[in-house]
Amino acid sequence: MGSSTPTRTSERVRRGLIAALPVLVALHSHPASGDEPDYDAIMDAMFDTRDARLDRIENIADAEVGSTLQDLSQDALYNDLNNVDWAMPPAQTRHGRSALARLDDYADIQAMTEVFLDNLLATTWADYLCVEARRPFAYPLPHRIDWHGLRMDNGDTLPFAGQPGAADHEQALMRHRFDERYCFEKRPAADDAKPMALLGEFIGRVPEKRETFTFPSPEAGQQRTQGGYTVTLTATTDHGYAMEVRAEDGGPMPLDKRDVIAEGLDQDGRPLARTLVQTGAPALFELAGEEVDGLIDRALKEDLTAAALEQHLAQAEARIRERTGDTHYTRVAFKGPVATARITLLDRDPEQPLMKRKLALPLKQVDGLNPTAQFDPEAIQAVPLPGPVYRSAVDGPMELTAEEVPSRLRIVQNDGRTPLYTHSVDFRYPKVESRRFLERDSERIVLKDGPNPITFLDADGQPIPLPDGDHSDYYRFTVNRIDYNPQRFSSKPVRVSADLRVRVFRDVHKSRHARGELPEGLQLQENRLVVDTEVIDTPLFAVDDQGRFLKQALTRTYQRKGQAPVEVIHFYGTPAALEIWTSDGPTEDAYRAEVELEERTDI
C-alpha cells in the first residue's frame with residue numbers, strides 16, 4: 001500500500017478504492033505467530049468498524065452529507081490499513097532498485113540530463129510505416145517529452161494526430177498504445193515524402209543539486225543537518241521509518257514530495273522494495289478516524305449541513321497545517337529489515353524555471369538487410385550515440401552452488417493459464433549471471449528422464465492413479481512449471497512430487513580483449529560491434545576506457561543464405577574493449593520438488 005498527502009478524492013476514485021481494499025487485505029494477510037499481533041484479526045476489526053459506520057450513514061437524510069461521510073469512513077479505513085503496513089513485519093525480504101541509481105553514474109544532475117538528451121534515438125522501418133522514440137534510460141526526475149510530429153524530406157512538417165494542424169493532413173499518425181511509437185494509418189506510397197526527423201520537446205524539473213542524508217542503524221530522534229536542511233527521524237521500526245524535513249533557517253520549505261526520496265538499505269547496502277509510502281503530516285491522516293464518528297452523530301440528529309461539514313473539515317485541516325508548520329513529512333515501510341535509512345533531497349530554487357529543450361532526432365532505419373550470399377560490414381548504417389550510458393554492473397552471483405539450489409529455488413503457486421489447467425506450480429530460479437548462456441528461460445529447469453517424473457498424492461499420502469500413456473488431460477510440464485487441473489483426478493491432490501533437472505553453468509571463463517585485438521568473428525566500428533555468429537556465439541560485453549560496461553542501444557540481425565546470421569550491436573558510447581564469457585556447461589543438478597498444494601480461491 002502507499003498513499004500521499006490526504007485529500008478527499010472523487011467518487012469514481014473512491015469506488016475503485018472500495019473495490020480494491022479486500023484485495024489489498026488479502027495480499028497483506030499475515031496470521032499471528034508467537035507474540036506477534038494477529039494482524040488478520042486486526043484488519044477484520046477495521047473492516048467491521050468501517051461497515052458499522054456505513055450502516056449508520058445509510059440513515060442520514062441529507063444525501064450530500066452522507067456521501068461525504070462515506071468518503072471520510074473510507075479515508076479512516078485506508079489510514080488504518082496503512083498503519084498495519086507500517087507495523088506488520090514483511091513475510092520475506094524483497095529488494096528493489098535505487099530511485100537515483102542512474103544519477104550515480106555521472107558527476108551531477110546536469111551531466112546526467114545532457115547524456116539523456118544526447119542519446120535519445122528515433123528509429124523507423126524500411127517502409128517508414130512507424131516511427132519510434134527510444135530512451136537511453138528511465139530519466140529519474142520529474143519530466144515529460146512531448147512528441148509533436150515529423151520533419152519530411154521535402155521540408156514539410158507532419159504533425160501527429162491531436163497536434164495543431166494535424167487535421168489539414170490526409171495521413172494522420174496515431175500514438176501506439178504501449179510505447180512512444182507513431183504509425184501511419186496506411187503504408188506510405190513509394191513516391192510519398194519520407195520522414196527524416198522526429199520533433200518534440202523535453203520539459204523537466206531539473207534540480208541544481210542533491211543532498212543525501214544517511215542514518216546507519218536508524219533510531220527515532222536521530223538528526224542530520226546539511227545543505228540548508230535538517231532531517232529528523234521521528235519514528236522507526238525494524239522495517240521502516242518516519243521522518244520530517246525542515247529548512248535549516250526555519251524559512252519556507254521549497255521542496256515538494258517529488259523532491260524527497262526515502263530509501264531503506266539492507267545490511268549489504270542493497271535497496272529494499274517498499275510496501276508503504278505516506279507523505280503528509282501524520283495528524284492529517286488521523287483526522288478522518290478522529291472526526292467521522294462525531295460527525296455521523298451530528299448528521300443523524302440533522303444538526304449538520306453539507307456546507308457546515310465542508311467548513312468543519314477545512315478548518316480542522318487548517319489548524320493542523322498551522323500547527324505542523326512548513327515541514328515535510330514522510331513515512332515508509334520496506335520488504336525487509338532496514339540497516340540504513342537513506343534520504344535524498346533534490347534541491348532547486350522554487351523560482352527556477354522548468355528546463356525546456358527542443359528535440360529534432362534524425363531517423364535511423366533498423367530493419368535487417370535481405371538475405372545475401374556475402375555480408376558487407378561496411379554497408380551497415382551508422383547509429384551514432386555518444387554515451388556513455390552504463391548497463392547494470394555484472395556483479396551478481398554467476399551461479400548457485402549445488403547446496404544453494406534447494407533453498408534459493410522459489411516455488412510459487414498460481415491460477416492456471418488455460419481452462420484445461422486451472423492451477424500451476426512455478427519453479428523460479430534466482431536471477432544469476434549464468435542466465436546469459438541460456439537461449440530461453442524454459443531451458444533452465446526440465447523434467448528428469450524416466451517414467452512418471454511427476455506424481456500427485458492424495459490426503460493419505462498415496463499416489464493418485466492415472467491411466468497409462470499420455471497424462472496431458474491431467475497435467476503438463478512447461479516453461480519451468482507444472483500446470484494441472486485438480487478436478488480431473490479421481491481424488492483431490494494435496495501434494496505433488498516432481499523429479500527435475502536444473503541446468504547450471506559453474507565453469508565460466510572471462511577474458512578481456514582490447515579494441516584492436518579482438519578474436520576472429522568480432523569487429524568494432526565506432527560504437528557498434530559486428531558479430532559473426534557462425535564463429536562466435538557466447539555472451540559479450542562492451543567496456544569503456546574506465547572499465548565500465550556500456551549499455552546496448554539496439555541489436556540488428558542480418559540473415560545470410562546458408563550461414564548463421566550476423567548480429568550488429570549498437571552501444572551508448574564507444575567501446576574500448578570487449579569482455580567475452582565462455583563455458584563448458586551446462587551441467588545438471590538433480591532436484592526433487594515436494595510441494596504441498598494450495599487451495600486456489602477467488603478473492
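The values are calculated or read from the model by the stated rules, or taken from the named source; none is laboratory data. Given the structure is predicted, the values throughout are model-derived calculations rather than measurements. Backbone-built Cβ (ideal geometry, glycine too); neighbour counts: all protein chains shown. Only protein heavy atoms, including side chains, enter the accessible area calculation; ligands, DNA and RNA are left aside. Shrake-Rupley method; radii C 1.70, N 1.55, O 1.52, S 1.80 Å.
Would you please give the FRET efficiency between GLU596 and ASP266, computed as 1/(1 + (r/R0)^6) with r the Cβ-Cβ distance and R0 = 30 Å, to the nearest 0.05?
Taking R0 as 30 Å, the efficiency between GLU596 and ASP266 is 0.55.
For the chain, which whole percent of the accessible surface, found with a 1.4 angstrom probe, sits on carbon and sulfur atoms?
Whole-percent figure for carbon plus sulfur exposure: 46.
For the chain, what relative contact order do you get, as a whole percent, if you take Cα pairs closer than 8 Å and at least 6 residues apart?
Across the chain, relative contact order equals 14 percent.
For a paramagnetic label modelled at 7 Å from the Cα of ILE320 toward its Cβ, which residues of the range 72-110 fall within the zone defined by backbone nitrogen distances under 15 Å?
In the range 72-110, the label zone of ILE320 (backbone N under 15 Å from the point 7 Å along Cα→Cβ) covers 72-83.
Rounded to the nearest Å, what's the spacing between the alpha carbon centres of the range 53-106 and the range 229-269? Just the number, please.
That distance is 20 Å.
Could I have the simple spin-label model distance between ALA161 and ALA360, label points 7 Å from Cα toward Cβ, reported in nm to one decimal?
2.7
Give me the net charge of SER98's neighbourhood, meaning all other residues with Cβ under 10 Å from the Cβ of SER98; Lys, Arg count +1, Asp, Glu -1.
The answer is +2.
At 1.4 Å probe size, with every protein chain present, just tell me what the per residue accessible area of the chain comes to in Å².
51
How high is the FRET efficiency between THR93 and GLU185 when r is their beta carbon distance and R₀ equals 41 Å, given to the nearest 0.05?
About 0.25, to the nearest 0.05.
Consider the candidate values (1) 175, 125, 61; (2) 90, 74, 54; (3) 94, 85, 48; state which one is Cα extents along the principal axes in Å computed from the structure displayed.
Read-out from the structure maps to (2).
Of MET174, MET243, which has the most accessible area and how do the rest follow, probe 1.4 Å?
Descending order: MET174, MET243.
Quick check: pseudo-label points 7 Å beyond the Cα along Cα→Cβ at ALA107 and VAL446, how many nm apart are they?
5.3
Expected output is a single nm value to one decimal: the length gained when fully extending between LYS492 and ALA61, i.e. 0.36 nm times separation in residues minus the C-alpha distance. What is it?
The span from LYS492 to ALA61 would gain 149.9 nm if fully extended.
Can you give me the distance in nm between label points at ARG205 and GLN311, each placed 7 Å from the Cα along the Cα-to-Cβ direction?
About 3.4 nm, to one decimal.
Calculate, for GLU404 and ARG548, the FRET efficiency according to 1/(1 + (r/R0)^6) with r their C-beta to C-beta distance and R0 22 Å; round to the nearest 0.05.
0.15
For ILE411 and HIS513, calculate 0.36 nm times their separation in residues minus their Cα-Cα distance, and state this gained length in nm to one decimal.
32.7 nm
Multiplying the sequence separation of LYS561 and THR212 by 0.36 nm and subtracting their Cα-Cα distance, what value in nm do you get?
The LYS561-THR212 span can extend by a further 120.0 nm.
What ranking do 550-560, 43-53, 309-319, 570-580 get when scored by the average of other Cβ atoms within 10 Å per residue, highest first?
Put in order of decreasing packing, that is 570-580, 550-560, 43-53, 309-319.
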